[in-house]
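What follows is a single structure, written as structure tokens, with notes after it.
The values are calculated or read from the model by the stated rules, or taken from the named source; none is laboratory data. Note that this is a predicted model, so its numbers are computed, not measured. Cβ atoms come from the backbone with ideal geometry, glycine included; neighbour counts cover every protein chain shown. Note: accessible area is taken over every heavy atom of the protein model, side chains too, but ligands, DNA and RNA are not part of it. Shrake-Rupley method; radii C 1.70, N 1.55, O 1.52, S 1.80 Å.
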Protein chains: 2
Amino acid sequence: MVTIKDVAREARVSVATVSRALNGGARVTPETRTRIERAAARLRYVPLGAARSLVTRRTQAIGALLPDLFGEFFSELIRGIDLAARAHGLHLLVSSSHGDAGETAAALRAMQGRVDGLLIMSPHVEPGFLRKHLSDSLPAVLVGSASRERRCPRINTDDYGGACAMTGHLLAKGHRALAFIEGPAANFDARERRRGFAETVAGRRGVTASYLQGDYSEESGFRAGRALLAARKRPDAVFAANDMMAIGCLSAFNEAGVNVPGEIALAGFDDIPMARYMHPPLTTVRVRIAELGHAALERLVGQIATPETTAADLTTVPCEVVVRASCGARTDTAGR
Amino acid sequence: MVTIKDVAREARVSVATVSRALNGGARVTPETRTRIERAAARLRYVPLGAARSLVTRRTQAIGALLPDLFGEFFSELIRGIDLAARAHGLHLLVSSSHGDAGETAAALRAMQGRVDGLLIMSPHVEPGFLRKHLSDSLPAVLVGSASRERRCPRINTDDYGGACAMTGHLLAKGHRALAFIEGPAANFDARERRRGFAETVAGRRGVTASYLQGDYSEESGFRAGRALLAARKRPDAVFAANDMMAIGCLSAFNEAGVNVPGEIALAGFDDIPMARYMHPPLTTVRVRIAELGHAALERLVGQIATPETTAADLTTVPCEVVVRASCGARTDTAGR
DNA sequence: GGGGCCAATGTAAACGTTTTCATGGCGGAA
DNA sequence: TTCCGCCATGAAAACGTTTACATTGGCCCC
């Protein structure tokens with residue numbers, strides 16, 4: 001392996017000068033600098049991150065702890081985070097697919113000591129979890145988390161508000177028999193979406209609501225769709241807790257020849273890029289996913305820069321109802 | 001920050017013993033071990049990766065250099081890589097969205113010295129590129145790359161074979177006027193898919209082929225679909241170089257009230273999870289994306305373990321045609 | 001012409017960990 | 001009882017880099 005010493009020897013200077021020439025830029029004659037740069041290029045020298053981190057106490061990396069990587073939601077989220085991280089010269093470590101709290105804890109521990117900060121999005125973060133498994137000195141930002149944990153800032157989407165708005169929209173369209181396809185009960189955002197729906201329909205005269213289980217996957221939406229069709233009384237409108245389930249549900253309806261929105265209206269949540277290309281295009285609640293990732297990273301960077309500003313504040317990113325054809329509105333291609 | 005010295009003091013042993021107790025496991029009395037573990041837990045000690053890497057000369061991390069993170073393809077790929085990496089106790093660094101060769105080179109350099117190996121999937125990797133920007137001593141695996149570069153193993157999907165098979169299938173179904181929606185010309189896989197299509201239709205009597213530009217996005221598929229409908233003579237069948245474009249194209253057809261497959265058949269490539277939930281379900285070429293990521297990582301791990309086995313071999317992962325309703329076959333829900 | 005100052009470069013310590021080698025103590029065998 | 005050997009533990013070096021501090025040399029100003 002070629003080290004800074006090799007470069008120093010090759011350029012006939014000391015290692016300190018090499019370091020200065022390659023990093024700071026200060027206090028080096030132009031000639032020396034080019035001599036060093038030439039030598040470094042010739043030897044294909046690349047500084048060892050570990051050694052640098054050890055002395056600077058910075059890894060220039062942040063970690064993202066994610067629940068799972070299925071579907072477009074997470075590719076969008078990671079994209080947003082990655083882009084923002086690049087802008088700050090930070091590397092991105094991802095870790096996902098933690099089945100239970102134990103695995104999450106293990107992943108959390110493994111990441112510490114390798115990153116300058118952590119973006120945590122996991123259903124397993126319960127009160128006390130972080131206090132137990134996360135070093136006090138490591139900045140972290142919670143994304144979409146229920147728990148008002150310690151000193152961590154949180155960033156959530158307005159799942160509750162979005163679900164209320166969408167439910168209101170469905171009611172305004174005249175739908176009275178509503179069905180809700182739930183996300184995984186472990187997820188805070190899924191619970192919030194359900195709550196928004198439930199509270200909006202509660203006590204409305206002539207409005208009925210039914211609930212079907214789901215786990216955010218297309219497959220579970222498909223099954224829910226079939227179950228709805230098989231039921232004695234079909235709903236007027238179905239609200240799925242995310243777009244992937246809405247798409248699965250739509251597939252079941254299409255397969256059975258049930259017209260959407262003619263016979264049953266349908267709405268989703270997230271506005272993944274694919275939603276507008278469905279047939280019919282999917283009415284949904286837009287979450288600016290990439291922006292969410294971006295905002296979370298920016299918050300984390302702030303936290304790293306000034307750890308003393310350690311406020312357990314909560315940022316809520318607004319959602320907006322995007323009306324397309326699937327809910328019985330006139331076909332609307334706006335925003336395409 | 002709490003270091004190994006703090007733990008050593010707390011447990012009244014030397015740092016060497018702490019290191020042994022926490023890592024190796026060898027040569028430590030049970031009592032000492034528990035005392036050390038208790039102390040470590042109490043102090044919430046977590047070893048500093050940088051220091052460890054410096055002496056062991058291993059980072060326990062691998063880097064993935066990706067072109068872009070749009071859509072389900074990449075979330076599937078990252079998922080496959082992440083899962084396999086976890087199984088090996090490796091961390092995953094991702095870097096994406098490199099507009100040009102310069103950015104790719106910068107990302108490549110930045111990753112060296114931080115990882116034990118590299119998974120490279122980028123259209124900008126041309127002959128000589130790696131020789132110039134990649135240290136000889138860093139194991140790397142090329143995914144979906146054209147260039148038979150140096151000592152790097154490569155893993156590709158059988159894009160050519162898959163495209164041939166799908167084109168053959170469309171011809172066998174009786175379609176004669178074919179259209180192909182191309183992927184970005186810079187991508188090797190996109191070129192291979194085009195080549196498979198072009199060579200299969202070449203010289204077939206009574207068969208016409210037309211080509212439309214695309215860039216793998218739903219949006220570009222949508223535009224291509226509209227262009228096809230506006231043309232003087234519509235094709236019998238459209239073959240899109242990936243599923244996202246096929247979905248965009250399908251959306252354009254649906255919007256215009258054009259029946260698929262009745263009036264125009266449609267096929268895609270990749271078999272992203274969403275494909276089977278389209279209306280109609282999408283005939284496509286299945287690429288086991290997560291498995292591809294898994295295989296690439298395994299190959300890389302092998303390369304890291306025994307760098308001397310440095311063969312510039314090529315692994316080709318087979319594809320398979322998945323017939324669903326969109327190509328004019330009877331509706332087939334198999335594999336759902 | 002000499003002294004002082006500043007800019008360029010060098011020397012060496014420090015970062016936290018692993019690991020090699022040394023050391024001490026204890027048990028068992030003679 | 002004595003000696004040998006082994007096992008648990010400790011001391012210290014090493015990893016590659018940055019950076020505070022030291023040193024050199026040249027220039028300007030008096």
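Hey, could you check region A:64-85 for residues that are farther than 30 Å from residue A:220 by Cα and open to solvent by less than 40 Å² (accessible area, probe 1.4 Å) and say which is nearest to DNA strand D (Cβ to nearest atom)?
Applying the filter and picking the extreme gives A:85.
Could you give every pair whose Cβ atoms fall below 8 Å, whose first residue belongs to region B:299-314 and is touching a residue at least 40 places away in the same chain (Cβ under 8 Å) and in the same structural domain as residue B:85 (by TED's automatic domain parsing), and whose second residue is polar (S, T, N, Q) and open to solvent by 30 Å² or more (accessible area, probe 1.4 Å), counting only separations of at least 6 or pairs across chains?
B:299/B:315; B:303/B:309; B:303/B:310; B:307/B:137
Quick one: which of B:53, B:97, B:75 is in a loop (DSSP other than H, G, I, E, B) and among the hydroxyl-bearing types (Ser, Thr, Tyr)?
Going through B:53, B:97, B:75 in turn, the sole match is B:97.
Mind telling me which of the residues A:115, A:143 ends up being surrounded by 23 or more Cβ atoms within 10 Å (Cβ to Cβ) and either within 16 Å of residue A:74 (Cβ to Cβ) or polar (S, T, N, Q) (or both)?
Of the residues listed, the single one that is surrounded by 23 or more Cβ atoms within 10 Å (Cβ to Cβ) and either within 16 Å of residue A:74 (Cβ to Cβ) or polar (S, T, N, Q) (or both) is A:143.
So which of A:58, A:44 ends up being buried (at least 16 other Cβ atoms within 10 Å of the Cβ), in contact (Cβ under 8 Å) with a residue 24 or more places away in the chain and among the basic types (Lys, Arg)?
Checking each option against the conditions leaves just A:44.
Table: residues versus (1) more than 11 Å from DNA strand D (Cβ to nearest atom); (2) in contact with a helix residue (DSSP H, G or I) (Cβ under 8 Å, 6 or more places away or on another chain).
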| residue | (1), (2) |
| --- | --- |
| A:6 | no, yes |
| A:9 | yes, no |
| A:17 | no, yes |
| A:26 | no, yes |
| A:30 | yes, no |
| A:33 | yes, yes |
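Filter region A:62-72 down to residues that are facing another protein chain (nearest Cβ under 10 Å) and not in a helix (DSSP H, G or I) and give me whichever is farthest from residue B:75 (Cα to Cα).
Checked region A:62-72; the qualifying residue farthest from residue B:75 (Cα to Cα) is A:63.
Which numbered condition trips up residue B:260, out of (1) modelled with pLDDT under 95; (2) within 30 Å of residue B:120 (Cα to Cα); (3) outside any helix (DSSP H, G or I); (4) of a type in the set (A, V, I, L, M)?
(2)
Any chance region A:269-292 includes a residue that's in the same structural domain as residue A:140 (by TED's automatic domain parsing), part of a loop (DSSP other than H, G, I, E, B), touching a residue at least 24 places away in the same chain (Cβ under 8 Å) and more than 14 Å from the chain's Cα centre (by Cα)?
no
Restricted to region A:20-42, and to residues that are among the small types (Gly, Ala, Ser) and within 14 Å of another protein chain (Cβ to nearest Cβ), which residue is farthest from DNA strand C (Cβ to nearest atom)?
Across region A:20-42, the extreme among qualifying residues is A:41.
Output the number of residues of region B:233-287 satisfying the condition of being surrounded by 24 or more Cβ atoms within 10 Å (Cβ to Cβ) and of a type in the set (Asp, Glu).
Final tally of qualifying residues: 3.
Check region B:135-152 and report whether any residue there is hydroxyl-bearing (Ser, Thr, Tyr) and outside the structural domain of residue B:69 (by TED's automatic domain parsing).
No: region B:135-152 contains no residue that is hydroxyl-bearing (Ser, Thr, Tyr) and outside the structural domain of residue B:69 (by TED's automatic domain parsing).
Pairs needed: first member in region A:108-120, over 17 Å from residue A:98 (Cβ atoms); second member anywhere, basic (Lys, Arg); C-beta distance under 7 Å; at least 6 residues apart or different chains.
A:116/A:58
Can you tell me which residue among A:106, A:101, A:172 is open to solvent by 20 Å² or more (accessible area, probe 1.4 Å) and within 12 Å of chain B (Cβ to nearest Cβ)?
Of A:106, A:101, A:172, the one residue that is open to solvent by 20 Å² or more (accessible area, probe 1.4 Å) and within 12 Å of chain B (Cβ to nearest Cβ) is A:106.
Among the numbered criteria (1) farther than 18 Å from residue A:46 by Cβ; (2) within 16 Å of DNA strand C (Cβ to nearest atom); (3) touching a helix residue (DSSP H, G or I) at 6+ places or on another chain (Cβ under 7 Å); (4) more than 10 Å from chain A (Cβ to nearest Cβ), which single criterion is violated by residue B:116?
Going through (1) farther than 18 Å from residue A:46 by Cβ; (2) within 16 Å of DNA strand C (Cβ to nearest atom); (3) touching a helix residue (DSSP H, G or I) at 6+ places or on another chain (Cβ under 7 Å); (4) more than 10 Å from chain A (Cβ to nearest Cβ) one by one, residue B:116 breaks only (1).
Could you please give the count of residues in region B:4-32 that are free of Cβ contacts under 8 Å to residues at least 24 places away in the same chain and open to solvent by 50 Å² or more (accessible area, probe 1.4 Å)?
13
Give me the residue from region B:43-61 that is more than 7 Å from chain A (Cβ to nearest Cβ) and either polar (S, T, N, Q) or more than 6 Å from DNA strand C (Cβ to nearest atom) (or both) and, out of that set, farthest from residue B:303 (Cα to Cα).
B:43
Would you mind finding the one in B:282, B:228, B:300 that is out of contact with any Phe, Trp or Tyr (no Cβ under 7 Å at 6 or more places or on another chain), within 13 Å of chain A (Cβ to nearest Cβ) and at pLDDT 95 or above?
B:282
From the list A:83, A:77, A:90, which residue is within 16 Å of residue B:69 (Cα to Cα) and more than 9 Å from chain B (Cβ to nearest Cβ)?
Answer to the selection: A:77.
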